[in-house]
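J.: What follows is a single structure, and I will ask about it in a moment.
The values are calculated or read from the model by the stated rules, or taken from the named source; none is laboratory data. All figures in this text were calculated on a predicted structure; none of them were measured in a lab. Using ideal geometry, Cβ is built from the backbone for each residue, glycine included, and neighbour counts are taken over all protein chains shown. These accessible areas exclude ligands, DNA and RNA; they are computed on the full protein's heavy atoms, side chains included. Shrake-Rupley method; radii C 1.70, N 1.55, O 1.52, S 1.80 Å.
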Amino acid sequence: MIHSPFSFTSHLTLLADTNSPDPAHHDVSTGTTLLFAAILVLMIVALAFEEKLHAKKSIITGVFAAVSLLLAAAFELLPFAPLKHILAVNNLPFGEKIEMPVFIEAIDWNVITIIFGAGLFVDVTSKSGIFSWIAIKVTKASGGDPLKLLIYYGAMTVLFSAMLNNVTAMIIVGSLTVVSLNKLHRNELLLGFLVAEGLLTNVGGLLTLISSVPNIIVGNIAGISFVKFFLVAAPFVVVCTAVTLWMSKVIFKIKSLQSDQERKEAAALVAAFDENDGIESRRFFNFCAVIGLLFVVALSSQSVLPLADKLGMGFVAMTFAAIVLVAFKHEVNKFYSAVDWDLLGFFACLFVVINVMEHAQVLAALGKGISALVAFGDLVGPAGLTAGSAVASSVTDNIPLAAMLAKILAAESTDPKSSLWWCVIFGANLGGNITPIGSASTVVAVTIIHKHKLKLSFGGFVKTAAPFAAVQIVLAIIYVLLFLR
Amino acid sequence: MPDKIDAFESIFKSADKLSMVYDHIDVRSVLLVTDRNAAVSDQIRESAQRFLSVIEREKPSWETIGDESYQTVDDLIGLVKKHGPDLIVTYRHLHETHRRPRMSLGVFLDELTQATTIPVLVLPTDEDGHLLDLPPSTTSVMVVTDHLTGDNELVDYGARFTVAKGTLVLVHIEDDATFETYLAEFEKIPDLETDLVRNLLRERLLKAPSEYVQSCIEVLRKAGLTIRVESKVAFGHRINDYEQLLNEHSVELLIFHTREDTELAMGGMAYLMTARFTKTPLLLL
């Protein structure tokens with residue numbers, strides 16, 4: 001199968017793109033490209049001011065998708081060819097005519113199904129109490145010692161971010177931190193703990209291909225497998241986590257308990273937590289523990305599993321979601337209503353906008369800028385791309401940024417083994433640590449901080465988090481330059 | 001998102017079990033307050049000592065304030081403060097020979113409970129205010145409250161005043177009428193599924209005290225106490241249920257708090273109980 005340099009990875013879209021005129025060869029005037037570039041910039045700005053606009057992401061991108069599509073249709077930029085000739089080429093038995101709206105073809109359904117399936121799977125399995133069980137076990141293992149708690153919670157944040165998603169990880173660990181520090185009468189440490197955990201969610205989000213949306217998007221476009229992603233990212237995540245925890249200990253002045261009496265009292269306090277309290281059915285708990293492991297195994301081996309390798313990771317995620325939903329077959333509606341439809345709508349509309357930008361040659365123009373950056377050489381190019389991605393994703397959503405940069409790299413026929421993909425991945429994830437609006441999980445951390453009446457302004461967060469983010473980004477650049485070139 | 005944060009905080013708060021922490025109650029000195037002469041006071045003391053055989057093993061000192069020792073409430077409070085006992089033993093309507101309002105402890109005892117935080121053992125009296133014979137010992141002790149969870153002091157006193165191999169009954173009654181009042185308001189909120197709220201709330205209100213009772217049983221056993229612990233954790237009408245349990249368990253000593261943190265002593269429920277259960281020895285904390 002021929003991959004168009006601008007194509008999404010969905011099978012249907014690939015079919016469409018191979019038969020539609022190459023967008024790179026559209027005759028698009030500079031004025032038109034600038035007009036669409038302005039629309040893209042406006043959308044990114046609107047997303048950055050999502051809170052001020054009191055509008056959800058899906059609504060913002062939905063409006064821009066509609067405007068972009070209308071303008072693109074007016075400028076005759078879109079490939080409106082029906083699919084019948086494509087299917088005829090593929091010898092469809094009855095030669096039937098299938099028409100697909102152009103904006104449906106633009107959506108990367110593999111990404112959508114991974115997010116939908118994995119989200120549902122995590123929602124259902126969390127009902128078993130397995131994540132709170134792990135969290136309380138970890139708390140008890142710390143014996144209530146603040147420094148041990150920081151290290152254990154930090155490691156747990158990273159692992160939960162990798163297994164679930166950054167937002168869910170922050171909610172679970174952040175909530176437990178509030179309750180356990182309150183129990184230990186250590187509320188003065190709460191701010192430091194929550195900031196450290198918020199920062200670590202974005203480090204943990206680097207661990208696997210499905211840990212964060214930028215990973216899914218970039219990994220899919222670059223063709224990086226689950227196992228390959230893990231093997232490359234894991235060493236960096238370990239080092240970055242250790243450094244972040246050490247900095248947290250120093251900056252937030254978190255110390256171990258000094259006397260035996262203090263240790264004894266703290267241990268007694270955390271011992272009062274009952275990890276089994278949230279488990280309503282031991283059978284379902286065990287089932288979720290097993291199916292959770294199988295889920296990770298299936299995702300990691302999907303690329304070599306017969307049939308699943310053709311059906312994709314989205315199929316694996318959706319299938320596992322369906323399996324666990326069987327346990328709640330009479331009440332699936334409550335899980336459907338808990339699905340983050342705003343996020344899914346946001347992605348769908350975002351893919352539409354980016355597709356239009358491709359046809360309007362906006363991505364090609366940006367690609368020239370990236371090419372110029374990369375042309376600075378093997379050292380400055382990757383370093384600049386990592387730092388640039390990080391700074392850009394600190395002030396706006398890292399998802400459109402990752403999607404756009406990945407598409408530009410694909411358009412430049414970037415080698416799947418190139419370190420540039422990793423520059424985008426590291427930059428897009430770690431950039432979220434610079435500002436409180438840089439990533440969804442830092443927004444959660446700040447929400448918990450404000451919920452508990454702790455004072456932390458936008459500037460206060462930047463001042464506190466900037467040293468961490470700077471060190472993490474420098475570490476990422478060093479890692480890319482030393483090991484991934 | 002805030003609702004998810006709240007949901008997980010609730011999960012972890014629920015997992016935080018309030019476990020009993022046992023403290024042995026020392027009773028080294030007892031002050032008997034009567035309004036009788038020395039001879040009668042001695043008889044009362046001997047009877048009380050038999051009844052309190054469970055604390056007699058530690059040989060506490062007994063002192064008596066009799067009829068000649070005080071004339072006014074201030075006199076009595078001054079004497080009590082001077083002695084500073086660990087336990088006061090007395091009875092209702094001290095120095096009230098002509099007028100005995102049934103629904104009261106009498107001026108002296110009422111003022112005493114307000115002025116001190118020393119536990120007071122109120123000896124049983126009949127309708128005419130005459131002292132009743134005390135049971136031979138405290139083999140069946142009951143502590144009652146509507147917030148048992150975490151009330152270590154109440155359980156400590158219950159355990160301290162139950163003789164070896166005796167029975168300690170821990171009672172937590174949630175008031176049905178109050179619950180229904182709140183529920184009637186919940187029913188008017190369209191966003192809430194009333195049956196779900198009712199069931200969840202009932203379950204939650206009883207869960208914590210039930211778990212606390214289990215921890216009491218375990219902690220008291222580990223402390224080496226050879227008493228049997230029974231419990232009643234339920235919804236109901238407090239006074240009626242307490243009375244029924246007093247009869248069911250042939251309770252010889254009833255223990256309860258006389259005050260909430262922010263209240264004067266002998267507030268609503270404590271006042272009702274002292275007025276209603278006159279024939280049972282009461283330990284007022």
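J.: Between a first residue in the range B:173-190 that is closer than 30 Å to B:PHE256 by Cα and a second residue that is charged (D, E, K, R) and assigned to a helix (DSSP H, G or I), which pairs have beta carbons less than 7 Å apart while being 6 or more apart in sequence or on different chains?
T.: Close Cβ pairs satisfying both conditions: B:ILE173/B:ARG238; B:ILE173/B:ASP241; B:ASP175/B:ARG238; B:LEU183/B:ARG198.
J.: Kindly evaluate A:ILE224 against the criterion of being more than 14 Å from chain B (Cβ to nearest Cβ) and open to solvent by less than 10 Å² (accessible area, probe 1.4 Å).
T.: Against the criterion (more than 14 Å from chain B (Cβ to nearest Cβ) and open to solvent by less than 10 Å² (accessible area, probe 1.4 Å)), A:ILE224 does not qualify.
J.: Name the helices (runs of 4 or more DSSP H) wholly within the range A:264-360 that hold at least 3 residues that are in contact with a Ser or Thr (Cβ under 8 Å, 6 or more places away or on another chain)?
T.: The helices (runs of 4 or more DSSP H) meeting that bar are A:282-301, A:313-325, A:341-359.
J.: Restricting the search to the range A:171-193, which residues are within 14 Å of chain B (Cβ to nearest Cβ) and not in a helix (DSSP H, G or I)?
T.: The answer is A:LEU184, A:HIS185.
J.: Still on this model: Hey, does the range A:435-458 have a residue that's away from every other protein chain (no Cβ under 14 Å) and in a helix (DSSP H, G or I)?
T.: Checked the range A:435-458: at least one residue is away from every other protein chain (no Cβ under 14 Å) and in a helix (DSSP H, G or I).
J.: Please verify whether A:LYS255 is modelled with pLDDT of 90 or more, in a loop (DSSP other than H, G, I, E, B) and under 25 Å from A:GLU197 (Cα atoms), treating the condition exactly as stated.
T.: yes
J.: Kindly establish whether B:ASP67 is of a type in the set (D, E, K, R), within 14 Å of another protein chain (Cβ to nearest Cβ) and open to solvent by less than 70 Å² (accessible area, probe 1.4 Å).
T.: Taking the combined requirement at face value, the residue does not satisfy it.
J.: Moving on to the next point. Does A:ALA445 satisfy the condition of being at pLDDT 90 or above and under 21 Å from A:VAL238 (Cβ atoms)?
T.: Answer is no for this residue.
J.: From A:THR125, A:THR168, A:THR139, which residue is open to solvent by less than 10 Å² (accessible area, probe 1.4 Å), within 14 Å of another protein chain (Cβ to nearest Cβ) and hydroxyl-bearing (Ser, Thr, Tyr)?
T.: Answer to the selection: A:THR139.
J.: Then there's this: Could you go through the range A:194-204 and let me know if any residue there is within 14 Å of chain B (Cβ to nearest Cβ), touching a helix residue (DSSP H, G or I) at 6+ places or on another chain (Cβ under 9 Å), in a helix (DSSP H, G or I) and open to solvent by 10 Å² or more (accessible area, probe 1.4 Å).
T.: Checking the range A:194-204: not a single residue is within 14 Å of chain B (Cβ to nearest Cβ), touching a helix residue (DSSP H, G or I) at 6+ places or on another chain (Cβ under 9 Å), in a helix (DSSP H, G or I) and open to solvent by 10 Å² or more (accessible area, probe 1.4 Å).
J.: Please enumerate the residues belonging to the range B:209-256 that are farther than 16 Å from B:LYS165 by Cβ, without any contact (Cβ under 8 Å) to a residue 60 or more places away in the chain and of a type in the set (Gly, Ala, Ser).
T.: If the condition is that a residue be farther than 16 Å from B:LYS165 by Cβ, without any contact (Cβ under 8 Å) to a residue 60 or more places away in the chain and of a type in the set (Gly, Ala, Ser), then B:SER210 is the only one that fits.
Yes/no per residue for (1) within 14 Å of chain B (Cβ to nearest Cβ); (2) touching a Gly at 6+ places or on another chain (Cβ under 9 Å); (3) under 30 Å from A:LYS407 (Cα atoms):
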residue: A:GLN258; (1), (2), (3): no, no, no
residue: A:GLU280; (1), (2), (3): yes, yes, no
residue: A:PHE287; (1), (2), (3): no, no, no
residue: A:GLY292; (1), (2), (3): no, no, no
residue: A:PHE295; (1), (2), (3): no, no, yes
residue: A:GLY314; (1), (2), (3): no, yes, yes
residue: A:LEU325; (1), (2), (3): no, no, no
residue: A:VAL362; (1), (2), (3): no, no, yes
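J.: Could you run through the range A:47-58 and say how many residues are among the hydrophobic types (A, V, I, L, M, F, W, C) and buried (at least 17 other Cβ atoms within 10 Å of the Cβ)?
T.: Qualifying residue count for the region: 2.
J.: Still on this model: Quick one: how many residues across the range A:331-358 are more than 25 Å from A:ALA48 (Cβ to Cβ) and touching a helix residue (DSSP H, G or I) at 6+ places or on another chain (Cβ under 7 Å)?
T.: Total satisfying the criteria: 4.
J.: Would you be able to tell me the number of residues in the range A:361-387 that are out of contact with any helix residue (DSSP H, G or I) (no Cβ under 7 Å at 6 or more places or on another chain) and in a helix (DSSP H, G or I)?
T.: Total meeting the criteria: 5.
J.: Follow-up question, since we're still on this one. With more than 14 Å from every other protein chain (Cβ to nearest Cβ), without any contact (Cβ under 8 Å) to a residue 24 or more places away in the chain and over 30 Å from A:THR464 (Cα atoms) as the only criterion, which of A:LYS329, A:LYS334 stands out?
T.: A:LYS329
J.: Enumerate the pairs (first residue in the range A:59-80 and at pLDDT below 90; second residue anywhere and outside any helix (DSSP H, G or I)) with beta-carbon separation below 6 Å, excluding pairs fewer than 6 apart on the same chain, so at least 6 apart or on different chains.
T.: What qualifies is A:LEU77/A:ALA360; A:PRO79/A:SER20.
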